[in-house]
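Student: Below is the structure I would like to discuss, written out as structure tokens.
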Ligand SMILES: [Mn+2]
């Protein structure tokens, strides 16, 4: 049984990578490149529990790898919620860019590493180049992409289920009834993914998900009967909190908020338009970021090398009414007449109305190329507004 907690295990793995410890025989456990909660928990639970299997005893190190760059962790509030719940510092999560840096600093690591894939069955991009021929095990719930699987996989556990974490839980089935003092945290970790992926066992769930949830809830000591599993209030509360976190962007920096749902276009005349869509009103966003709001918009536009930036929001206000806001920031002085022309046209086309507000962030300043509005035309989303702006930009003379 594991002699350290999952928190201690992850902190140790993180030190190994951060301190560039010389390579020893290593097992890398990598989730997929979209890096959702399922991939995260599948890789961490597998890596942590691998020490309970004879099969993995020869590995000196087991590293759970989160298959996205560090900077994208912030875009996954449900992960941050679960980590906080478990007192796991998010810095301990080993991200792709950090791991690749480690391999560059310790090149011999490449030859002493095997890899297990969880939540995917085809290793892509840089990891594929490094370890495509060193895949020794797969646990996945996606369809095989037609590529033949590597030979001699152990485990080779690929079948449809709501959550890949459920398959990982079942692969280590003996652990959940053990007396290991650390098992509650491991169970919490896995349960989060199982419930999120199956909408609290109400959608897409298979026998594997139901059995995994039963094992985990039993390990947590909160479901000793099937009835408790079916109606368990712990489970419902735990799920609702995680679900709310997933739909909350309160922990986002302004940059995260702007790039979360972002699209850009470069027109034939070289003019570049960027558009951010958000589930929070401009008033909410301005209040949250205060003096950092306008500089934040300008810095995002500069980072993306934009000539024109727009933000669209859609949200439900305090009275339960669906609302939209629209914001336009012209960055290229040569386009000021074009932006002014769009602002005039938007009044009729999108029923834009300046805000009646004391918030200086939400007051138009045409000379500075800045406009923001209450958009009364509620049917016009980015699908309508962006093409209108693009047409205007295509006609612009620089
Ligand atoms: Mn999955």
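Student: Based only on other Cβ atoms within 10 Å, what is the fewest-to-most ordering of 209, 244, 58?
Tutor: By the 10 Å Cβ count, ascending, the order reads 58, 244, 209.
Student: Restricting everything to alpha-carbon atoms, can you work out Rg to Rh for region 254-394 with a Kirkwood hydrodynamic radius?
Tutor: Taking Rh as the inverse mean 1/r over Cα pairs, Rg/Rh reads 0.92.
Student: Helix 37-49: angle to the longest alpha-carbon principal axis of the chain, degrees 0 to 90, nearest 10?
Tutor: 20 degrees
Student: Relative contact order of the chain, please, whole-number percent, based on alpha carbon pairs below 8 angstrom and at least 6 residues apart.
Tutor: Computed over the chain, the figure is 11 percent.
Student: Over the Cα atoms of region 165-320, how large are the radius of gyration and the largest Cα-Cα distance (Dmax), in Å?
Tutor: Cα-based Rg and Dmax for region 165-320 come out at 22.1, 68 Å.
Student: Sticking with this one: Divide by every residue of the chain the summed helix terms, -39500 (n - 2.57) for each DSSP H run of at least 4, and state the resulting mean residue ellipticity at 222 nm, rounded to the nearest 500 deg cm²/dmol.
Tutor: -12000 deg cm²/dmol
Student: Working from Cα positions, state the angle (0 to 90°, nearest 10) between the long axis of helix 233-246 and the longest principal axis of the chain.
Tutor: 40 degrees
Student: Still on this model: In what sequence, highest mean first, do 61-74, 148-161 appear when ranked by Cβ atoms within 10 angstrom?
Tutor: My ranking of the peptides, most packed first, is 61-74, 148-161.
Student: For the chain, what is the convex hull (Cα atoms) projected area averaged across all directions, in square nanometres?
Tutor: For the chain, averaging the hull's shadow over all directions gives 22.8 nm².
Student: Let me ask you something else. Compute the Kirkwood hydrodynamic radius of region 297-363, taking the inverse of the mean of 1/r over all pairs of distinct Cα atoms, and give it in Å to one decimal.
Tutor: With all distinct Cα pairs of region 297-363 included, I get 13.6 Å.
Student: Between residue 154 and residue 253, what length comes free when the chain is fully extended (0.36 nm per residue of separation minus the Cα-Cα distance, one decimal in nm)?
Tutor: Net length gain for the segment: 31.5 nm.
Student: Another question, then. So if each residue of separation counts as 0.36 nm, and I subtract the Cα-Cα distance between residue 55 and residue 356, what length gain in nm does that give?
Tutor: 101.7 nm
Student: Tell me, in nm to one decimal, what length is gained between residue 383 and residue 4 on full extension, where the rule is 0.36 nm per residue of separation less the Cα-Cα distance?
Tutor: Contour length minus the Cα-Cα distance gives 131.3 nm.
Student: Using r as the Cβ-Cβ distance of residue 263 and residue 207, and R0 as 35 Å, what FRET efficiency do you calculate, to the nearest 0.05?
Tutor: The formula returns an efficiency of 0.30 here.
Coordinate-derived values only; no laboratory data. Being a predicted model, the structure only gives us computed values, none of them experimental. FYI the Cβ positions are ideal-geometry reconstructions off the backbone, even for glycines, and counts take in every protein chain you see.
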